[in-house]
1. So is PRO60 under 22 Å from VAL699 (Cβ atoms) and either in contact with a Phe, Trp or Tyr (Cβ under 8 Å, 6 or more places away or on another chain) or modelled with pLDDT under 95 (or both) or not?
2. Do the conditions hold for PRO275, that is, is it within 30 Å of VAL19 (Cβ to Cβ), part of a loop (DSSP other than H, G, I, E, B) and at pLDDT 95 or above?
3. Which one of the conditions (1) in contact with a Lys or Arg (Cβ under 9 Å, 6 or more places away or on another chain); (2) free of Cβ contacts under 8 Å to residues at least 24 places away in the same chain does ALA561 fail to meet, given that it meets all the rest?
4. Determine which single condition VAL522 fails, assuming it passes every other condition in (1) within 21 Å of TRP384 (Cβ to Cβ); (2) touching a Pro at 6+ places or on another chain (Cβ under 7 Å).
5. Would you mind finding the one in VAL123, VAL107 that is farther than 22 Å from VAL90 by Cβ and either assigned to a strand (DSSP E or B) or among the acidic types (Asp, Glu) (or both)?
6. Test ALA204 against the stated conditions and say whether it is without any contact (Cβ under 8 Å) to a residue 40 or more places away in the chain and either surrounded by fewer than 22 Cβ atoms within 10 Å (Cβ to Cβ) or in contact with a helix residue (DSSP H, G or I) (Cβ under 6 Å, 6 or more places away or on another chain) (or both).
7. Those residues that are within 27 Å of the chain's Cα centre (by Cα), part of a helix (DSSP H, G or I) and closer than 20 Å to ASN109 by Cα, I need them from segment 19-64; list them, please.
8. Being touching a residue at least 24 places away in the same chain (Cβ under 8 Å) and either under 25 Å from LYS255 (Cβ atoms) or not in a helix (DSSP H, G or I) (or both) is the filter here; which residues of segment 71-91 pass it?
Amino acid sequence: MRVGRGLSGLLAFALLLAVVVATAWQGQPRGYRDDSAAPEEFSAARAYRTVREIARAPHPVGTPEHDRVRDHLADELRKLGLETEIREGVGRWPGNFKPDNTGLGRVANIVGTLKGTNPTGTVYLVAHYDSVPPGPGANDDGVGVAAILETMRALRDSENGLRNTVVALLTDGEEPGLLGAEAFAAAGNYDRHGVVINHDARGAGGPPLLWRITSPDGGLIGVAKHAPYPNTDSLTTTLAGAGVSSTTDFVAFDKVGLPVLDWAYAGDSAYYHNPKDDPAHVDLATVQQLGENTLALTRDFGGRDLTDTADRSNPAYFALPFGTLVVLPAWVIIALAVLSLLVGGWVIRQVRRNGEASVKGVIGAAALTSAGTPVAVGATYGLWWLVQRIRPEYRAWPVDPYRPEFFQAALLVLAVCVLIACYALARRWFGATAAAVGVLTGVVVAGAATTVYSPAAAEMFVLPGCAAALGVALTFLVPDRWRLLTLTVFLLPAAVFLGCNVWLGMQAGLMTAPFTAVPLVVLLGGLLLLTLIRSWPQRRGWTVPALTLVLALVLTAVGQAVDRFDVEHPRVAQVAYALDADQQQAQWMSVLPPDDWTRSFASDHAPGAPYSDLFPSVVASGKAVVENLTAPTADIISDTTDSGQRTVKLRLRSTRGATRIDLHWEQAPTALRVAGREVTPVPHKSFSFAAPPADGIEVELVAPAGAVALTVADYTYLPDSKLAQGAGAGHPNDTYFRQDSSAVVFAKVRGL
């Protein structure tokens, strides 16, 4: 492989890097439409007015501010001329997220309907309007709500009506566990020929991503490719469909068989569930992209025959710059994977025949460079783990620091360090040609292996791998002066795929970047090194990975120096106050080890019973002053025993207006009904109920005859509890309480 001699190889490599950077830069949102936009167009400035109105303050379920937001949104939909109703009900977790506990709650979904001219189905535009207790929810999910309202306004002001009905479905109780969406789906009053476009956010900016989609997705992605900003790929959606820690209303609709496109954005994720998730931290360029996608998809689905579900395929698809989504049948990926293997095998045969490398050397180099992927994943994950140990305050966050750029760069550079270290070793041990062909072989084999698992998920490796294999093969067939140019052209797909996907993977979070971005850096980045086969330093090549390692450490140190907490960039704490109303004793508790502030009232040990029975995740605790908080009540409505089964009906009520009430048991009942909802399967230890009404909730449980030991507890967000002492009154002004920071009062149910 005599390509890329001296400076020419470096220039080709630099060109490919420039393509990577330019592609990544082009994918970020810029610009928005102001109030002067045409009525039929989406305007982020107009949508922003809704964000400002509903994100004045936190509005979690069960609070007066939540009621204000609900009533305001219903009024706005009515002003748009939509048939609007508020559907109240009881929702429950749509999945068995925690076998020991299940969640339910009282919800009020807002449903606004724009009738179609000749409907074949319904397009549901979904976003949740509740927030977490700490934050106003401007991005999560105020932007999604505002995008829907502005879309409905644009549809109303368009000259031509849509064939299909469009419903603005603003769900309630998403934050406690997708309760509103589940209640809507469980009621069954929805169009079976509907399609759902869901909106959510895990940050405060960046491009909106179609990160999850129901399967089979051939029909849906055929429409999604017409969106102005179709940021998605079948590898991401396949992995997301296989199960991720993040949950959205997608789960509830997917469970009942409705097709769903799940859109979200994740840049600047430090503001997720944060007091600074306010209108000032909304990126109007992101709003514009999200809204334009929603409007375009609604118009497209709104004009289609939604009863036509003939396309049951799972194609491969990927985004290119400037709003292009390429969709390929799975058989194309399979064919290209086979072609890659054949061409790769031919290349190995050629270098062996030419005496440039042995088959054993190529296999050894392929194994070594392929090992760089798991090593890089471990190294980058370990680096962020180490940073969290140096800065323990980061451990309380499910998200990135406020200024993540240096940390993101450090992870990328460390991944590159592992890549070039493996490449340098392969050159030293097996020779330059064997190292280059080994890199190519590793990508080709990775693509083929992924194709066996899922052809739709393999496009990220098969397409650039096949192009690179063809480019390398052509270097044996074209004149010498054309070899580098030919190779560089065929490496452009690898550069474009890197640019389109690596930075998006970094924005997903520093904890997930080792799995979403780093493998692409090592595998596809390795292909770019093929231009350097004759330009790599002949002496002291080890200095290249050594310098990149030093750079990664320097970037990490700078990131720690730059990212500091203050009032505008507060750190997060998790603290709970638990009052045992029976014993009149109280504890401060936390699921996180003590930090420099919480150490003043909590030590590094778990509390004893009964606290450890109710709160098994607690690792830090300390004695607290007994506050004047009244206990929840459990009135026995009836208690009967028949045929060895004891049936108990209770009314649980919070005497202090708590926003959540729980019931715990030592032995799980055989049957359970809560507020009219049958709970199956019965959780092992407890249930939680969000937004209980003032007059309480009715619970019916069936258990074997004999004693029934129950404990009732109610929860309020810690700052809302107005505690007189300790953490509730005197936390630092650069700290806010995480949404699971609560004041809890519990007591045993008497009379059983």
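The values are calculated or read from the model by the stated rules, or taken from the named source; none is laboratory data. What you see is a predicted model; the values in this text were computed from it and never measured. Note that we place each Cβ from the backbone using ideal geometry, even for glycine, and neighbour counts take in every protein chain shown. Only protein heavy atoms, including side chains, enter the accessible area calculation; ligands, DNA and RNA are left aside. Shrake-Rupley method; radii C 1.70, N 1.55, O 1.52, S 1.80 Å.
1. no
2. Spelling it out, it is not the case that PRO275 is within 30 Å of VAL19 (Cβ to Cβ), part of a loop (DSSP other than H, G, I, E, B) and at pLDDT 95 or above.
3. The number of the failed condition is (1).
4. With (1) within 21 Å of TRP384 (Cβ to Cβ); (2) touching a Pro at 6+ places or on another chain (Cβ under 7 Å) applied to VAL522, the lone miss is (2).
5. On the way: VAL107 fails: farther than 22 Å from VAL90 by Cβ.
Residue meeting the stated conditions: VAL123.
6. no
7. Result: THR50, VAL51, GLU53, ILE54.
8. LEU80, GLY81, LEU82, GLU83, THR84, GLU85, ILE86, ARG87, GLY89, VAL90, GLY91
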